[in-house]
Structure formats: structure tokens, C-alpha cells
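The values are calculated or read from the model by the stated rules, or taken from the named source; none is laboratory data. Just so we're clear, the structure is a prediction, and the values are computed from it rather than from any experiment. All Cβ positions, glycine included, derive from the backbone under ideal geometry; neighbour counts span all protein chains shown. To get the accessible areas, we keep the full protein, side chains included, count just its heavy atoms, and leave off ligands, DNA and RNA. Shrake-Rupley method; radii C 1.70, N 1.55, O 1.52, S 1.80 Å.
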Amino acid sequence: MRTNGTLQYLKVVPGGENEYGEPIEATTEWSDPIECSIKTNSDNRKGKYEDGEFRMASFTVLIESDEEAQFERVKLTRHSEELGEFRVMSREPLTTVGRIQILV
């Protein structure tokens, strides 16, 4: 598969207990970058609010994977441009080609 960017997903690091038996809160962190193919569905910067503007965008992402992708938030980077953080709208395993299609 030809790749043009990377995807990082937000993962939960489980808490536990410290040396005194006190609970440690679970935290979140970004995964290592995964090579992917990113295709733009829509992208505009027409969204405005009182203090500035925002980007309204939708992308289709293909990643190669043998396992089911079970994440809810992703960070996309295409070439050297950070596209932003997005909520996963849908994911579909493409089992015949060994890839997962993610719509954000």
C-alpha cells in the first residue's frame, strides 16, 4: 500500500497502585505513528467563532492491520502537515486486502 501520512490513536494507560497501596489514576497518551493512506473527503476553513476560525474536515484513512482497530480518537499527519485530531465516525475491516478503513 502506498502511504502518504501517519495516524496516531489515543490509548488508555491503566492506573494501578503505588508503593503505599493508593490507587493511581489511568491516563491517556498517543500511540506511536502508524503509516497510512489519507484521502480527503471534504476540507474547508469556513467555520468561524467569536475568537477565530476552525477547520471542518473529513478524511478516509486506510491502515494495514491484522487486528481490529478499537480506538475512538486519532491524530492525522499528511506529509509534514498536521491535519488535526478527529473522532472516529466509522471503521470497516477490509478483510480481503488486510486493511482497515477508518472514516473521521
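Looking only at residues in segment 1-45 that are over 25 Å from Ala69 (Cβ atoms) and out of contact with any strand residue (DSSP E or B) (no Cβ under 7 Å at 6 or more places or on another chain), which one is most open to solvent (accessible area, probe 1.4 Å)?
Among residues in segment 1-45 that are over 25 Å from Ala69 (Cβ atoms) and out of contact with any strand residue (DSSP E or B) (no Cβ under 7 Å at 6 or more places or on another chain), the one most open to solvent (accessible area, probe 1.4 Å) is Tyr20.
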Report summary line: Scanning segment 65-84 for residues that are in contact (Cβ under 8 Å) with a residue 60 or more places away in the chain, over 14 Å from Asn4 (Cβ atoms) and either open to solvent by 90 Å² or more (accessible area, probe 1.4 Å) or of a type in the set (A, V, I, L, M) (or both) gives Ala69, Glu72, Val74
Query raised in the report: Only one of (1) in contact with a strand residue (DSSP E or B) (Cβ under 7 Å, 6 or more places away or on another chain); (2) hydrophobic (A, V, I, L, M, F, W, C); (3) within 23 Å of Met1 (Cβ to Cβ) fails for Phe54. Which number is that?
Result: (3)
Query raised in the report: For the subset of segment 86-98 comprising residues that are open to solvent by less than 100 Å² (accessible area, probe 1.4 Å) and either part of a strand (DSSP E or B) or not aliphatic (A, V, I, L, M) (or both), which member is farthest from Asn44 (Cα to Cα)?
Result: Gly98
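Residues checked against (1) at pLDDT below 90; (2) not in a strand (DSSP E or B):
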{"site": "Glu29", "(1), (2)": "no, no"}
{"site": "Asp43", "(1), (2)": "yes, no"}
{"site": "Gly47", "(1), (2)": "yes, no"}
{"site": "Ser58", "(1), (2)": "no, no"}
{"site": "Glu67", "(1), (2)": "yes, yes"}
{"site": "Val74", "(1), (2)": "no, no"}
{"site": "Thr77", "(1), (2)": "no, no"}
{"site": "Glu82", "(1), (2)": "no, no"}
{"site": "Ile102", "(1), (2)": "no, no"}
